[in-house]
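Everything on this sheet refers to the single structure shown next.
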Amino acid sequence: MPSVKSSLSSMYGNVRASCEAVAEHFYISSSYLKKILAQEAGSSFTSVVEEIRLEKACELLASNQYYIA
């Protein structure tokens, strides 16, 4: 199975990227997904998604394409 964290990175902007939806994408249960994330990333699904979103926000701000008013 491909890295769950890398797959989440590609779908972070998807509004439907809930734990259940991501688990469904991999054809596994949400509880198994949570277990895999705990082993792979060492944190919860929510923490991983927040980390990815913050990384992407920092990338966008660093690109000078968007500004904070």
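The values are calculated or read from the model by the stated rules, or taken from the named source; none is laboratory data. A quick note: this is a predicted structure, and the numbers were derived from the prediction, not measured. Virtual Cβ from ideal backbone geometry, glycine too; neighbours counted across all protein chains shown. SASA here: full protein model, heavy atoms, side chains in, ligands and nucleic acids out. Shrake-Rupley method; radii C 1.70, N 1.55, O 1.52, S 1.80 Å.
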Problem - Complete set of residues in the range 47-68 that are loosely packed, with under 12 Cβ neighbours inside 10 Å and of a type in the set (S, T, N, Q) - result: 63, 64, 65
Practice task
Being open to solvent by less than 40 Å² (accessible area, probe 1.4 Å) and either polar (S, T, N, Q) or at positive phi (or both) is the filter here, so list the residues in the range 1-25 that pass it.
Solution key: 7, 9
Exercise for the section: Go through the range 26-46 and give me each residue that's exposed (fewer than 13 other Cβ atoms within 10 Å of the Cβ) and part of a helix (DSSP H, G or I). Expected result: 31, 32, 35, 39, 46
Practice task
Return yes or no: is residue 8 part of a helix (DSSP H, G or I) and at pLDDT 85 or above?
Solution key: no
